[in-house]
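To keep things clear, I will list the structure first and then write my remarks on it.
Laboratory data are not the source of any read-out in this text; all were calculated from the coordinates shown. If you're wondering where the values come from, they're calculated on a predicted model, not measured in any experiment. Note: ideal-geometry Cβ built from the backbone for every residue, glycine included; neighbour counts use all protein chains shown.
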Amino acid sequence: MFQNSGAEATEAAIKVARRYFYSIGKPNKNRILCIKNSFHGRTLAAIFASGSKKMTEGFGPKVTGFDHFSFGDHNSLKKKINKNTAAIMLETIMGEGGIKVIPDWCLKELRALCNKKKILLILDEVQCGIGRSGDFFAFEKSKVKPDIVPIAKGIGGGFPIGAVLMNKKVASGMTPGTHGSTFGGNPLAMSVGNTVMDIISNKKFLNNVKSLSKYFLFKLNKVQEQYPNLIKQIRGRGFLIGIQLYKDQTEFIKKLMDNQLLTIRAAENVVRILPPLNVKKNEIDLAIKIIEKVCSQIK
Ligand SMILES: *Cc1c(COP(=O)(O)O)cnc(C)c1O
């Protein structure tokens with residue numbers, strides 16, 4: 001189903017999950033289990049799905065139907081699944097939450113858990129999908145197959161496009177008239193998306209993302225070794241990279257910007273770097289130079 005943004009895509013993903021259980025005669029199976037302080041967009045349902053105080057403050061009444069567990073807390077995750085749980089929804093790599101990669105073994109166990117409990121797995125690939133991780137989908141490396149996948153950001157290459165992918169089983173609940181969007185799937189957006197697909201589908205393109213991002217991460221780890229009291233950790237996969245500092249990242253980001261390197265914050269003192277997927281090696285070298293310069297000024 002084509003949409004116009006990531007938030008619309010995650011909203012639609014929630015609708016698809018609920019409608020599937022409704023269509024098989026289990027309308028009470030409608031709760032979605034999410035990671036606390038995750039990010040799924042800024043519509044009403046999506047902010048309450050995030051379980052983040054910062055995002056929901058002042059926007060009550062609360063949209064119900066979401067339960068939460070903390071990142072990495074597997075016991076809590078298992079405990080929070082009950083007879084009303086319809087799906088687990090998470091970002092394969094948490095973006096806003098601080099560039100936290102869900103390990104492959106964890107995705108595999110999540111899939112097994114969902115199968116065992118007969119619930120759906122929604123992997124939000126709005127930020128980490130469409131080549132950002134080095135694979136077309138970030139979950140591909142794990143060989144796990146989710147039931148529902150909202151995508152957006154990358155597929156538009158700057159133009160607003162969102163979409164929800166789903167398997168045949170869950171799609172059966174979405175009969176004509178259950179969902180719609182005036183602009184979703186409009187000819188201009190589809191033409192842009194098609195062109196992005198053509199470019200990314202070229203094997204060379206993603207291989208380049210893989211090798212250059214490895215180079216970038218290697219270089220960043222060298223910088224971390226030089227400044228171990230400033231940089232706590234280099235995180236991420238592909239061109240979804242986080243520099244986690246020991247302290248607030250505002251000054252760091254400002255100084256990078258003064259040097260013409262645009263980055264963005266993420267949770268846990270992380271400076272988020274999302275280069276265009278067609279970035280060149282010499283541009284990465286330039287970025288490393290700027291980062292080193294800023295490190296030396298802040299230290
Ligand atoms: C950006 C983002 C969204 C929301 O996308 P918008 O196009 O800004 O509505 C949803 N989920 C994730 C993981 C995102 O990074």
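Quick notes on this one:
- Geometric extent, Cα atoms of the stretch 180-292 - Rg, Dmax (angstrom): 16.9, 53
- Histogrammed with a bin width of 5 Å, the alpha carbon distances of the chain distribute as 1, 5, 11, 15, 17, 16, 14, 10, 6, 3, 1, 0, 0 percent, first bin at zero.
- Positive dipole terminus of the chain, leading residue within Gly154, Met94, Gly242 (C-beta point charges): Met94
- Fewest-first sequence of Lys100, Lys54 by Cβ atoms within 10 Å of each Cβ: Lys54, Lys100
- Max mean-square fluctuation residue, GNM over the chain, Cα-Cα springs under 10 Å, options Gly177, Gly95, Gly51: Gly177
- Prolate/oblate/rounded call for the stretch 30-86, Cα gyration tensor, a/c under 1.5 rounded: oblate
- Long-range amide H partners of Gln233 with built H, under 5 Å: Gln244
- The stretch 123-201 shape via C-alpha gyration tensor axes, a/c threshold 1.5: oblate
- Pairs over the 20 Å Cα-Cα cut-off, from the set Lys26/Lys83; Lys79/Lys145; Lys247/Lys293; Lys100/Lys141; Lys168/Lys203: Lys79/Lys145; Lys168/Lys203.
- Residue of Gly184, Gly58, Gly158 that the Gaussian network model of the chain assigns the largest fluctuation, springs spanning Cα pairs under 10 Å: Gly58
- On Cα atoms only, tilt of 6-23 relative to the major axis of the chain in degrees: 30
- Counting only DSSP H runs of at least 4 residues, each contributing -39500 (n - 2.57), and dividing by the residue count of the chain, the helix-based mean residue ellipticity at 222 nm comes to -12500 deg cm²/dmol.
- Proportion of all alpha-carbon pairs of the stretch 111-243 beyond 19 Å (%): 62
- Pairs of Cα atoms nearer than 8 Å and 6+ residues apart set the relative contact order; for the stretch 203-297 it is 25 percent.
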